[in-house]
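What follows is a single structure, written as structure tokens, with notes after it.
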């Protein structure tokens, strides 16, 4: 898109805004600006066996960028609001505006109809239940250190990662209807977005639409009904005609006694899949179901929660908007993207998963995407991972505790049917951690906190095609305010994986077409330390040094280290 078109769009937006203000002339009319500015500079170095006797692969570099996101917000009345975010971005090292890009990062229109229905049009965040519309985290990182969280926050901001919602383009509405007797309210949520645009020749438009109706009797009881469908709008020469529907019901009931809060929750439903390929007149259809039931008990005197659940997710349960992964493992990182005489793409490592902006998915995939089992093999597609059955249980501290937060969870799952063989994989997982606020415990005036987290997974399968894979992820860190609003930050991540696994390759009908053998004996470590200056709650400057290493014990020629000096200044207003 050229600059003239950008100027036209901006002029159009400002003209409409001015017109709305002039027409409404209400005392509630407001026009205000928000924004974010960020400067990042990195000094990077690649070394190790992977570039020995290599004269072609670049092993040093300085990079970065400056960006400014300006948000124009109009509140024309109680019933109409709109905003647009214009981004100006300049890569580090250019002069006189060369390389500067202009783009609209976000355009939204929202408001209220008849004092009951709230609507949003344009760029929207859509989230429902874990089995309908839900973007699962890319891996377990709840107890990682503050120095890693800051890097992850940058990646999340660039990819619109907001909780478990998907950032999509379309329309959605929310309505609440009060009831005079025995029912507190009925809430309705509906949305429709386009996930794929037609080329008017062979590729049809693909629409994702759904909704949720929730009946809330009180804080102690609610039930909900959910629907989400992903389907094509066929054109005469469509290559395929695809539809997928998911219907679920969920609910929760709780009892608040003097010392214990007891809760029971569940979600269950089914999916139907149909795909017609015109080239050979092939139709593939299947359907499956799932259910997930859990209980929790909060012991008030001990400020502790105990929870357990059992789930059964069918091998052909298909819910693309709940099963699409955050990370595209086939994407090549921008940092040192090639090695071995600049001829081989560098595969992703642990460090890339929270520092590389370009490897995140921004679209819903109708096919289960490939994943890397060392980063999560039990539930790679979140709670809705198909072909899983078993128990999970754990305990967690009450969120009202200010001194520490702690959690422990165990997973004991198995496959429902074998993949390529009759034998079943068994999955064992242990994860948890603690965030200890030492400063509050000792009544210090300055911040001092320690974090520790761990996730262990083991996958086994007997028979003629055995599987035995284990992995361990460890997080540790310290955040210490050494001078008023000046923090010293330290973080460590360690990942080890050893064993073998067989990864399925899926075709366009989301069915296994082949299998790839995978043998692992790897270790990855990240050490990071640095400082942060907090000018205010919305402005800070950080500098930190990172050393990330990848060690392949089966092929030491692939071992390498990345050393990085990272400088970041961010201001939000």
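Kirkwood-based Rg over Rh for the stretch 245-324 (C-alpha set), two decimals?
Working: Rg = 19.1 Å, Rh = 15.3 Å.
On the Cα set of the stretch 245-324, Rg over Rh gives 1.25.
With only alpha-carbon atoms in the gyration tensor, what are the semi-axes of the equivalent ellipsoid for the stretch 407-552, in Å, largest first?
Three semi-axes, in Å: 42, 17, 14.
Please report the spacing between the Cα centers of the stretch 481-521 and the stretch 220-248 in Å, no decimals.
Distance between centres, Cα-based: 31 Å.
In the stretch 359-379, whose amide N lies under 15 Å from the spot 7 Å out along Cα-to-Cβ of residue 103? List them in ranges.
Backbone N within reach: 359-363.
With n ≥ 4 as the cut-off for DSSP H runs, can you work out [θ] at 222 nm for the chain, using -39500 (n - 2.57) per run divided by the number of residues, rounded to the nearest 500?
On the way: 4 runs with 43 residues, N = 573.
Estimated from H runs of four or more residues: -2500 deg cm²/dmol.
Would you mind estimating how fast the stretch 135-255 diffuses translationally, via Stokes-Einstein at 25 °C and 0.890 mPa s with the Kirkwood radius over Cα pairs, in µm²/s?
For the chosen part, D equals 137 µm²/s.
Compute the distance in nm between two label points, each set 7 Å from the Cα along the Cα-to-Cβ direction, one at residue 79 and one at residue 157.
3.7 nm
Relative to the present Cα-Cα distance, how much length would full extension add between residue 308 and residue 412 at 0.36 nm per residue of separation?
Stretched out fully, the residue 308 to residue 412 stretch lengthens by 36.3 nm.
Can you give the Rg to Rh ratio of the stretch 215-262, both from alpha-carbon atoms, with Rh computed by the Kirkwood formula?
Values: Rg = 20.1 Å, Rh = 14.4 Å.
Rg divided by Rh gives 1.40.
Could you calculate the contour length gain from residue 88 to residue 239, that is, 0.36 nm times the residue separation minus the distance between their Cα atoms, to one decimal place in nm?
Values: separation 151, 0.36 × 151 = 54.36 nm, distance 3.89 nm.
Extending this stretch completely gives an extra 50.5 nm.
Using the basic label-point model (7 angstrom from Cα toward the beta carbon), what is the residue 341 to residue 257 distance in nanometres?
7.3 nm
For an R0 of 30 angstrom, estimate the FRET efficiency from the Cβ-Cβ distance between residue 70 and residue 362 and round to the nearest 0.05. Provide the component values of the computation, followed by the final result.
Details: r = 22 Å, r/R0 = 0.73.
Here the calculated transfer efficiency is 0.85.
Could you pull the Rg and Dmax for the stretch 295-385, using just the Cα atoms, both in Å?
Answer for the stretch 295-385, Rg first and Dmax second: 18.4, 63 Å.
May I ask you to sort 471, 319, 236, 337 by Cβ crowding, counting other Cβ atoms within 10 Å and putting the fewest first? Could you put the intermediate results ahead of the total?
Working: 471 22, 319 28, 236 7, 337 15.
Result, fewest neighbours first: 236, 337, 471, 319.
Can you give me the three principal axis dimensions of the stretch 410-487 from its C-alpha atoms, in Å, biggest first?
The Cα atoms of the stretch 410-487 stretch 62, 17, 13 Å along their principal axes.
Which whole-number percent is the relative contact order of the chain (Cα, under 8 Å, 6+ apart)?
Relative contact order comes out at 12 percent.
Provide the FRET efficiency to the nearest 0.05 for the residue 543-residue 518 pair, computing r from the beta carbons and using R0 = 41 Å.
In this case the efficiency is close to 0.60.
With a Förster radius of 22 Å, plug the Cβ-Cβ distance of residue 334 and residue 571 into 1/(1 + (r/R0)^6) and report the FRET value to the nearest 0.05. Walk me through the intermediate numbers first.
Values: r = 25 Å, r/R0 = 1.12.
Approximately 0.35, to the nearest 0.05.
For Cα extents along the principal axes in Å, one of (1) 118, 71, 57; (2) 130, 86, 43; (3) 70, 66, 64 was computed from the structure I shared and the rest are decoys. Which label?
Recomputing Cα extents along the principal axes in Å here picks out (3).
Could you tell me how many cubic angstrom of Cα convex hull volume the stretch 88-204 has per residue?
With only Cα atoms used, the stretch 88-204 gives 241 Å³ per residue.
For the stretch 203-353, what is Rg from Cα atoms divided by 2.2 N^0.38 Å, rounded to two decimals? Please report the intermediate quantities before stating the final value.
Numbers: Rg = 22.5 Å, N = 151, 2.2 N^0.38 = 14.8 Å.
Relative to the rule-of-thumb radius for its length, the stretch 203-353 sits at 1.52.
Along each of the three principal axes of the Cα atoms of the stretch 308-459, give the extent in whole Å, ordering the values from largest to smallest.
The principal-axis extents, from largest down, are 57, 47, 27 Å.
Bear in mind these aren't lab numbers, they're just calculated from the coordinates by the rules spelled out. Treat the numbers as computed from the prediction; the structure is a model and nothing was measured. Reconstructed Cβ throughout: ideal geometry from the backbone, glycine too, with neighbour counts over all protein chains shown.
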